[in-house]
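This report refers to the structure that appears directly beneath it.
The values are calculated or read from the model by the stated rules, or taken from the named source; none is laboratory data. Everything numeric in this text was worked out from a predicted model, so none of it was measured. When we count neighbours, we look across all protein chains shown, and the Cβ atoms used for this are built from the backbone with ideal geometry, even at glycine.
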Amino acid sequence: MKVKIKAPATTANLGSGFDIFGAALTIYNEFEAEYFPNAEGKNKAKFVLKGEGRKTLPKGEKNLVWQSMKETFKILGCEGKYDLKNVGITIKTGIPLSGGIGSSASAIVGGISLANALCANKLDKSGIAELAVKIEGHPDNVVPAVFGGLCICAKDESGHGTIVHLPVPKLKIVLCVPSFELRTKRSRQILPKHFELKDVVFNASRTAILAAAFCSGDYTLLKKGMEDKIHQPYRGKMIPAMESVMQAALSAGAYGSYLSGSGPTIAALSSSKKAGEVQKSMIKTWKKESVCAKSYILDFDKKGAVEIK
């Protein structure tokens, strides 16, 4: 038995919507699991890495995909049936690692989806998302990786979540992924434990404007809606010329620009017509700081994680 899953990259926060907003993007990781019921001692089950992570990601028990599969097997009552002796895993990573565009979320959702498919798809998408949030700890990347599109995510104290699906904008997403890494753990540690009331009110107002921009289709509101005082000013201290790159995107015609997830990727939303100029301007600005960057012009993914037949 062989199953294949494709899970998208994601961009989170979108400026003011810290741990709240997330969107799926048209760049993907692909995951494959093959079950060998009589594989004991025959070395049929191999762990294969391809693409971006072939030299850096761990194989076997320490791999996040397999850890997510194990957790899913446990919940679905299939824990004793599947292990690395009888399940071959192939991971093809197309999403840049440690860039703030959901590579770990894709791995978690991909692993859950693989295990779920091997166990006769007992979980629906809501069940997959709930388990993914439990593993990841916050919803803004894993939820759009499951459902696709643009999502508002809220989690209560018991861990249960509320998901609101916003209209998917007909805009391009320009990503500028620098050559240096910024670990999510470090990027979270730098944030203050407490904020001044005026900064909280500032972000609340901008988050409301951000939601209004997407719901109304008035994308001229995005620049204001993406302003932030909760996480970007602090993370910017670890990212050379972050503000300059964001301003370059705006000056080139982007509707809004922001730090994607925990960074260091910087994203901008623009019309199709202006996306190329926005991309050139962002790359040029970082180049002045001697920072090399990969860049992508993407659409919003609308399907989320899917099984490839």
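Worth pointing out:
Okay, residues lined up against (1) closer than 30 Å to A268 by Cα; (2) part of a helix (DSSP H, G or I); (3) modelled with pLDDT of 95 or more; (4) not polar (S, T, N, Q):
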residue	(1), (2), (3), (4)
P58	no, no, no, yes
S68	no, yes, yes, no
E71	no, yes, yes, yes
K92	yes, no, yes, yes
V109	yes, yes, yes, yes
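- Per the listing I20, I75, the residue uniquely modelled with pLDDT of 90 or more, within 30 Å of M226 (Cα to Cα) and in the same structural domain as G161 (by TED's automatic domain parsing) is I20.
- For the range 18-35, the tally of residues that are under 21 Å from L210 (Cβ atoms), in contact with a Lys or Arg (Cβ under 9 Å, 6 or more places away or on another chain) and surrounded by fewer than 24 Cβ atoms within 10 Å (Cβ to Cβ) stands at 1.
- Whichever residue in the range 243-271 is part of a helix (DSSP H, G or I) and surrounded by fewer than 23 Cβ atoms within 10 Å (Cβ to Cβ) and, among such residues, is farthest from the chain's Cα centre (by Cα): S251
- Being crowded, with 19+ Cβ neighbours inside 10 Å, modelled with pLDDT of 90 or more and outside the structural domain of N63 (by TED's automatic domain parsing) holds for only one residue in V177, V142, V200, and it is V177.
- Selection within the range 192-242 - of a type in the set (G, A, S), touching a helix residue (DSSP H, G or I) at 6+ places or on another chain (Cβ under 9 Å) and not in a helix (DSSP H, G or I): A241
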